[in-house]
Amino acid sequence: MLVGAKNFANSLTWMIGGAQGSGVDSAANIFSRACFQGGLHIFGNREYYSNIKGEHSYFAVRVSEDPIRSHLDDINILVSFDAETIFRHADKVTSGGAIIYDSDLSSTTLQEVPTIDEPAAKRIRELLEKSENPITVNGMVNFAKNNGAVLYDIPYFGILKQFSVEINEPALSKLTRMINVMALSASMAILGFDKEILAKAIKVIFKAKPKIADGNVLAANYAYEYVKSRFDLSQSQFKLSCKPQSADIILVQGNQSSAMGKLVAGCRFQTYYPITPASDDSEFLESNQIVEQTDGKKGSMVVVQTEDEIAAITMAIGGALTGVRSGTATSGPGFSLMAEALGWAGMNEVPLVVSLYQRAGPSTGLPTRHEQADLRFAIHAGHGEFPRIVFASGDIEESFYDSVKAFNFAERYQMPVIHMLDKLIANSVMTCKYFDQSRVAIDRGKLLQILPPSVEVGAAGHYLRFKFEESPVSSRIPLGTENGIFWNSGDEHTEEGHITEDPFIRNKMMDKRLSKLDLALEEISDEDKAVSYGQLDPSLALTVIGWGSTKGAILDALDELALEGKRVHFVQVRLMNPFPTALLERMLFNTKILVDIEMNYSSQLGSLVNQYLHRDSEYRIVKYNGRPMSTSEIYNALMSIINGNAPRRIVLEHGT
Amino acid sequence: MALKLADYKTNVHNDWCPGCGDFGILSAIQMSLADLQIPMHKATIFSDIGCSGKTAHFIHSYGIHTLHGRVLAFAQGAKLCNPELNVLAVGGDGGGLGIGAGHFVSAGRRNVDMVYIMFNNAVYGLTKGQAAPTLKLGMKTKSLPQPNVNNSVNPIALALVSGFTFIGRGYSYDVKHLKDLIAKAVQHKGLAFLDVLQPCPTYNDINTKEWFQGVDNMNAETGKQMPRTYKLEETGYDGVVHDEEELNGKMGQVIERSNEWGSKIPLGVFYKNEHIPTYQERITSKIHNYAEWPPSRQSIADENNGPITTIQKLLDTLRADN
Ligand SMILES: Cc1ncc(C[n+]2csc(CCOP(=O)(O)OP(=O)(O)O)c2C)c(N)n1
Ligand code: SF4
Ligand SMILES: [Mg+2]
């Protein structure tokens, strides 16, 4: 069992929970920001219901001195100000860990918390009955105490009352909105965190509302001092000490990184229909639609909220036809609606980027939860056969650079590119290396902005948009270009773009379009196809294969395994279509035990490996309960494989 | 050199049925482009799927034959990225008011400066004559096994309440009137909708050319045949909203006229309102240089293929010392 083997100083998991809308997010953002400003690395992950107010949400932040990329199952510091958080999470607090809770809620019974659904209530009841504890908050914290957790009972209301007298603000209701920050600050006192840095972080998070920021700083200080004076903190096992943060580290929200990449890529038109977790991408772009340019001019992006996803993709295609880099962002239900138009873009060789933020399906599934189950769908969406590139980012940092690459691929090969992202990436926040714009290149492929009047023409005297020549990629001009009239049609078409049903032209056009995938496979660099981490240990001969956002938890688990002398090789596939068969064959050459790890039921990447490499995975680790894989889960699963006592298919089930 | 009608024609074989009303609409579009002297490369025809959808291939300008029902979304995307284009969207009544009705309504809300011409033949031509949303309740064209069980939608009224700012109706056999109507629609600042009555001799044996001409519509006194269509402008009707005070009155008048059918079918300009800002104007309020610097004009890379966009300021806000 992994209990943080990589247990360096300043390393812990902190979690805050509460009803949606009660300030859980802002408290977690302040905590993340404070740790970041205190020179630490963080990885934070937000979990929430498809609900606006009232249901339980929580935000777990892992802190470390070294870069980290994922979360653990265990909690070291649990911060709460409601009963539900205690009921749902207190049993996961480690020995020596801390629980902060509202002492006024001690006698609250499980039954009194209506938002705990029956299946969860049943599990909690059984846990408490078995351990002979009362079915109350008190019972639950007692359970945790018996596990070794240290309890910090805080009478929030009483403190608020004292605080209101102190700051001369009789309107208590105004102050209750700051309970979240007080709870957070209580945890900071326990951790011995620098109060000044905390205050600075609060000001950053409430930058837009200086008055609110000031009030929260006062409240934070008050709670901080209260905890310091009331409890003996010398015993507490977990401490966070600050140092200056290095200038090349940034704190990035995953719903903004790909969007920032789009800005740099020169995407100037984005369309969308609201859907979790994709809309943040578009909203970020709309908030930042005016862009700075190195030539001193101001660029700008037009962002349109459309009536549905069909309009989103078709409008984006219309934009792309004018030579503008155009994209749309969506999630599973929206992508389903886009299928027909995706084929139109493939048929008419239109460069288009669809950012597909996967969430748990099918149908509306678990609308706010995580899954990687749209891989096969992304590869096959649409009727008939047409080329498309499917490209998957593994984390926040990759998603920035990959957005630019997605546009480059789209223009170079004149086809739609589906950029695979997901809920975990979108709703996590982490410290990354400063994004290096100088590493980015723009490749517009065969886009011509002007055509000479003497341009070579077809029999009818027209520019040939779909010219048959040596390369399957033809030159492309924006609508409105002089001397260059062309047509497009979703029907099979001639080189000019007019409808044809000629069987010979049909064959040539199919060959032209689909052979662009061979070209892409030839030209796309190995690092964009698949990345190999570590080396195969010949005695173990075990390789983990995965794609997308499981990368972080896999790499962190591998680090932990390495500490125990187990060297495991990892291959992260990035280019999902066309499939990089030859490269993977090389990478997996001496692998005897292939372990496929994915957040879906049917091991979709595993099935692709099987299809293209004619090779089964010896083990398949899957998860489909909507909660992302943790380092702990992957570590434990791999350990059982190494020890030879694992089933061929391991279903991970952790999560609240 | 002045552009001639012939310049707007392609040599693509036209496979519409003999006598199809689509021919007249095609000619009218080409004539209005010539009248307005719009250079071929400055016009883009976006078309829906259907018999009418083939129109794009017969016009010598950029032609984008899109998906069934989606033509307006494609067209708006292009126009917003390159406002210099003259964008004409064309398509059938099935595409426009059946599968694409949501886009029709939403396009009205945006008021992008372009033209949408709907070929109204009351049937789904290319799929062999099923009832289109414009076919009246209880009508049984020869292509239908049973009388139409759905009520029809009123395209003019729907365009009005959706927010189209120019609404007109033409008739495919009155090409001269139609081409002038198209020219007015092109010149209108905002989204223009033209409902064009288009006989489909193959499947719609009710609303035929003869029916519109009124061969069965005799004046009881004179014994003379009376055409069913009449021109709004010849009755002193004025659909222009001159100032915003008039809006309610003018809208009511549009609904009233749009309900006329049977022996009196109005053609011409029902409505024109230039007091509603276009979508381009709405963008300009947020992106001040949008008109001079729309997406299609912006370069995004330098001569070394480096990006010219810099997000350094944005990235700096994500640093700890910020
Ligand atoms: C999504 C989709 N559904 C169905 C069709 C089949 N289809 C082709 S044309 C058409 C109807 C065309 O009717 P209308 O839009 O009135 O155009 P018309 O042929 O009358 O000009 C249909 C349903 C299609 N092409 N795409
Ligand atoms: S089916 Fe009707 S609409 Fe289509 S081409 Fe023939 S006559 Fe015209
Ligand atoms: Mg029709």
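The values are calculated or read from the model by the stated rules, or taken from the named source; none is laboratory data. A quick note: this is a predicted structure, and the numbers were derived from the prediction, not measured. Counting neighbours? That spans all protein chains shown, and the Cβs are built from the backbone with ideal geometry, glycine included. Remember, those area values only see protein heavy atoms, side chains included, never the ligands or the DNA or RNA. Shrake-Rupley method; radii C 1.70, N 1.55, O 1.52, S 1.80 Å.
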Given the conditions (1) within 14 Å of chain A (Cβ to nearest Cβ); (2) assigned to a loop (DSSP other than H, G, I, E, B); (3) away from ligand 3 (no atom under 15 Å from the Cβ), every one holds for B:Leu126 apart from (3)
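Residues are listed down the side, and each one gets a yes or a no for (1) surrounded by 15 or more Cβ atoms within 10 Å (Cβ to Cβ); (2) not in a helix (DSSP H, G or I):
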{"site": "A:Ala98", "(1), (2)": "yes, yes"}
{"site": "A:Tyr101", "(1), (2)": "yes, yes"}
{"site": "A:Ser107", "(1), (2)": "no, yes"}
{"site": "A:Asn133", "(1), (2)": "yes, yes"}
{"site": "A:Met140", "(1), (2)": "yes, no"}
{"site": "A:Gly148", "(1), (2)": "no, yes"}
{"site": "A:Leu160", "(1), (2)": "yes, no"}
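A quick yes/no check of all residues on (1) in contact (Cβ under 8 Å) with a residue 24 or more places away in the chain; (2) more than 14 Å from every other protein chain (Cβ to nearest Cβ):
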site: A:Ile485; (1), (2): no, no
site: A:Thr494; (1), (2): yes, no
site: A:Pro503; (1), (2): no, yes
site: A:Asn507; (1), (2): no, yes
site: A:Lys512; (1), (2): yes, yes
site: A:Leu517; (1), (2): yes, yes
site: A:Leu521; (1), (2): yes, yes
site: A:Ile524; (1), (2): yes, yes
site: A:Ser532; (1), (2): yes, yes
Residue count, the range B:57-69, condition open to solvent by 10 Å² or more (accessible area, probe 1.4 Å) and either assigned to a loop (DSSP other than H, G, I, E, B) or under 25 Å from A:Ala311 (Cα atoms) (or both), comes to 3
Of those in the range A:281-305 that are facing chain B (nearest Cβ under 7 Å) and of a type in the set (S, T, N, Q), the residue nearest to B:Ile45 (Cα to Cα) is A:Ser300
Over the range B:291-322, the set of residues within 7 Å of another protein chain (Cβ to nearest Cβ) and touching a residue at least 60 places away in the same chain (Cβ under 8 Å) is B:Pro295, B:Ser296
Selection from the range B:268-290 of residues in contact (Cβ under 8 Å) with a residue 60 or more places away in the chain, open to solvent by less than 70 Å² (accessible area, probe 1.4 Å) and more than 9 Å from chain A (Cβ to nearest Cβ) yields B:Gly268, B:Val269, B:Phe270, B:Tyr271, B:Lys272, B:Asn273, B:Ile276, B:Pro277, B:Thr278, B:Gln280
Check whether at least one residue in the range B:238-257 is of a type in the set (Gly, Ala, Ser), surrounded by 15 or more Cβ atoms within 10 Å (Cβ to Cβ) and over 23 Å from the mean Cα position of the chain (by Cα), and report yes or no.
-> no
Among the residues of the range A:467-483, the number that are more than 7 Å from chain B (Cβ to nearest Cβ) and either open to solvent by less than 40 Å² (accessible area, probe 1.4 Å) or within 12 Å of A:Gln414 (Cα to Cα) (or both) is 7
Subset of the range B:6-23, residues of a type in the set (Asp, Glu) and open to solvent by 30 Å² or more (accessible area, probe 1.4 Å), comes to B:Asp7, B:Asp15
Going through (1) facing another protein chain (nearest Cβ under 8 Å); (2) over 13 Å from the mean Cα position of the chain (by Cα); (3) farther than 16 Å from B:Ala185 by Cα; (4) not hydroxyl-bearing (Ser, Thr, Tyr) one by one, B:Leu85 fails only at (3)
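Between A:Ser11, A:Ser64, A:Ser32, which is open to solvent by 20 Å² or more (accessible area, probe 1.4 Å) and out of contact with any helix residue (DSSP H, G or I) (no Cβ under 6 Å at 6 or more places or on another chain)?
On the way: A:Ser64 fails: open to solvent by 20 Å² or more (accessible area, probe 1.4 Å); A:Ser32 fails: open to solvent by 20 Å² or more (accessible area, probe 1.4 Å).
Among A:Ser11, A:Ser64, A:Ser32, only A:Ser11 is open to solvent by 20 Å² or more (accessible area, probe 1.4 Å) and out of contact with any helix residue (DSSP H, G or I) (no Cβ under 6 Å at 6 or more places or on another chain).
When only residues in the range B:33-56 that are in a helix (DSSP H, G or I) and surrounded by fewer than 24 Cβ atoms within 10 Å (Cβ to Cβ) count, which is farthest from the other protein chains (Cβ to nearest Cβ)? Quick ask: steps written out before the conclusion?
Initial filter on the range B:33-56 (in a helix (DSSP H, G or I)): B:33-35, B:40-42, B:52-56.
Within this subset, residues satisfying the condition of being surrounded by fewer than 24 Cβ atoms within 10 Å (Cβ to Cβ) are B:34-35, B:40-42.
On the way: B:Ala34: 16, B:Asp35: 20, B:Met40: 6, B:His41: 5, B:Lys42: 6 Å.
Going through the qualifying residues, I end up with B:Asp35.
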Condition check for A:Ala278: within 9 Å of chain B (Cβ to nearest Cβ), open to solvent by less than 10 Å² (accessible area, probe 1.4 Å) and small (Gly, Ala, Ser) | no
### Task
Check the range A:493-504 and report whether any residue there is of a type in the set (Gly, Ala, Ser) and touching a helix residue (DSSP H, G or I) at 6+ places or on another chain (Cβ under 9 Å).
yes
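Go through B:Val115, B:Val149 for me and flag whichever is touching a residue at least 12 places away in the same chain (Cβ under 8 Å), within 19 Å of B:Asp48 (Cα to Cα) and away from ligand 1 (no atom under 13 Å from the Cβ).
Details: B:Val149 fails: within 19 Å of B:Asp48 (Cα to Cα).
Only one candidate passes the filter, namely B:Val115.
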Given (1) more than 16 Å from ligand 3 (Cβ to nearest atom); (2) open to solvent by less than 10 Å² (accessible area, probe 1.4 Å); (3) in contact with a helix residue (DSSP H, G or I) (Cβ under 6 Å, 6 or more places away or on another chain); (4) not in a strand (DSSP E or B), B:Leu80 misses just (3)
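Could you tell me whether B:Leu26 is open to solvent by 10 Å² or more (accessible area, probe 1.4 Å), within 16 Å of ligand 3 (Cβ to nearest atom), away from chain A (no Cβ under 13 Å) and of a type in the set (A, V, I, L, M)?
In short, yes.
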Checked the range B:103-142 for anything within 12 Å of ligand 2 (Cβ to nearest atom) and open to solvent by 30 Å² or more (accessible area, probe 1.4 Å); matches are B:Tyr124, B:Leu126, B:Thr127, B:Lys128, B:Gln130, B:Lys142
A:Val252 meets each of (1) away from every other protein chain (no Cβ under 14 Å); (2) farther than 23 Å from A:Val141 by Cα with one exception, condition (1)
When the range B:98-123 is checked residue by residue, the ones that are closer than 20 Å to B:Lys140 by Cβ and either within 14 Å of chain A (Cβ to nearest Cβ) or part of a helix (DSSP H, G or I) (or both) are B:Gly98
**Request:** Please work out if B:Leu135 is within 13 Å of ligand 1 (Cβ to nearest atom), assigned to a loop (DSSP other than H, G, I, E, B) and within 14 Å of chain A (Cβ to nearest Cβ).
**Result:** no
Selection over the range A:304-330 where residues are buried (at least 22 other Cβ atoms within 10 Å of the Cβ) and either within 8 Å of A:Thr271 (Cα to Cα) or small (Gly, Ala, Ser) (or both) yields a count of 15
Scanning the range A:603-619 residue by residue, the ones that are open to solvent by 10 Å² or more (accessible area, probe 1.4 Å) and without any contact (Cβ under 8 Å) to a residue 60 or more places away in the chain total 9
